[in-house]
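Below is one structure; the comments refer to it alone.
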Amino acid sequence: MRHTPDLPKRLTDLTPVVIVGTSTWVVALVVLFFVAQGVWVWTAFSGIVLGFIGFGIIFWQRAAAKRGSKSAQRV
């Protein structure tokens, strides 16, 4: 059986994706704060909160991988 090479780290690292997504929600929150009211502002705020939850999960998985946990994702 042939060995499949591992993908480069730049293609498997989720940190840039979460940074761009969270930054987009921050920009949307600022714009919507001045333009719209109600549900749209709260939607943008929710996107920011979910982005920070994503950061927490990424750091949690990296810490588990450093500890040598069997269930941790390796990148």
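The values are calculated or read from the model by the stated rules, or taken from the named source; none is laboratory data. Quantities reported herein were computed from a predicted structural model and do not represent experimental measurements. Quick reminder, even Gly has a Cβ in these numbers, built from the backbone with ideal geometry, and neighbours come from all protein chains shown.
Observations, loosely collected:
- Residue among Pro16, Pro5 that alone is modelled with pLDDT under 95, under 13 Å from the mean Cα position of the chain (by Cα) and surrounded by fewer than 11 Cβ atoms within 10 Å (Cβ to Cβ): Pro16
- Of all the listed residues (Val26, Val30, Val20), the sole one being more than 27 Å from Gln61 (Cα to Cα) and not in a loop (DSSP other than H, G, I, E, B) is Val30.
- Selection within region 53-70: residues that are in a helix (DSSP H, G or I) and small (Gly, Ala, Ser). The member of this set that is nearest to Ser23 (Cα to Cα) is Gly54.
- Single residue of Val27, Val41 found to be free of Cβ contacts under 8 Å to residues at least 60 places away in the same chain and within 17 Å of the chain's Cα centre (by Cα): Val27
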